[in-house]
1. Over the stretch 94-169, calculate the relative contact order: mean separation of alpha carbon pairs under 8 Å at least 6 apart, over the residue count, as a percent.
2. May I ask you to give the solvent-accessible area per residue for the stretch 1-113, in square angstrom, as obtained with a 1.4 angstrom probe?
3. How long are the three semi-axes of the equivalent ellipsoid of the stretch 17-100, in whole Å, if each is the root of 5 times an eigenvalue of the C-alpha gyration tensor, listed from largest down?
4. When the accessible area of the stretch 99-169 is split by element with a 1.4 Å probe, what percent falls to carbon and sulfur?
5. Pick from Asn54, Asn21, Asn105 the residue whose mean-square fluctuation is largest in a GNM of the chain, springs joining Cα atoms under 10 Å.
6. If you place +1 on the Cβ of every Lys and Arg, -1 on the Cβ of every Asp and Glu, and leave all else neutral, what size is the dipole of the chain about its Cα centre, to the nearest 20 Debye?
7. Heavy atoms only, probe 1.4 angstrom, no DNA, RNA or ligands counted: give me Thr35, Thr140, Thr27 ranked by accessible area, highest first.
8. Please report how far the C-alpha centroid of the stretch 120-139 lies from that of the stretch 69-107, rounded to the nearest whole angstrom.
Amino acid sequence: NGFKGITIQITDNIDMSSNSNWTPIGTNENPFCGTIDGQNKLLKNITVNRTNHNSGLFGVLNCAKIKNIKLTGRVKSNTLYVGGFCGRTKGTAIDSVKFENCHFNGTIEGSSCYIGGIVGYTGTYCIIENCSAGGNITSTSQNCAGIVGVASGTRISNCINIAEVKATN
């Protein structure tokens, strides 16, 4: 059920460099629906290099809460929905997605639409609070930005982008 109702706590810093190509958590068919509390730990050296949609630490989130995580590394994809933390969110008024105190620093590269430092594309009822993006974010297409590539029905508050953002369109 996508971890619905489950809270996962990260209790130590994690070096992800041993995984040369991370598979994002959550798909269109089975989005991640739980809560991750990073307890301000660092997940460092993530590498995501994909040729299909929904790239990031998470692929697709729905009714999920992601909080208190520092993430570093590189996310690269030649298709839609690329973000440091998440490629894409889904949600309804009841089951919103929330990012709180999430910080990405690294490189995000996309050659299609919807590229963001935290999320590539947010569906309705997403909340992003106290988050930051740093490093380099590039796209050879459009809808590229520091926090969210495209924010649809999203509330963003107290966030900062210090990443260099470059897009062709």
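The values are calculated or read from the model by the stated rules, or taken from the named source; none is laboratory data. Every value quoted in this text rests on a predicted model; they were computed, and no experiment measured them. Methodologically, a virtual Cβ is constructed for each residue, glycine included, from the backbone with ideal geometry; neighbour enumeration extends over all protein chains shown. Keep in mind that these areas ignore ligands, DNA and RNA; they rest on the heavy atoms of the full protein, side chains included. Shrake-Rupley method; radii C 1.70, N 1.55, O 1.52, S 1.80 Å.
1. Reported relative contact order: 35 percent.
2. The answer is 45 Å² per residue.
3. Sorted largest first and rounded, they come to 20, 17, 9 Å.
4. Whole-percent figure for carbon plus sulfur exposure: 43.
5. So, out of Asn54, Asn21, Asn105, the one fluctuating most is Asn21.
6. Result for the chain is approximately 60 debye, rounded to the nearest 20.
7. The residues order as Thr140, Thr27, Thr35, largest area first.
8. Between the Cα centres of the stretch 120-139 and the stretch 69-107 lies a distance of 6 Å.
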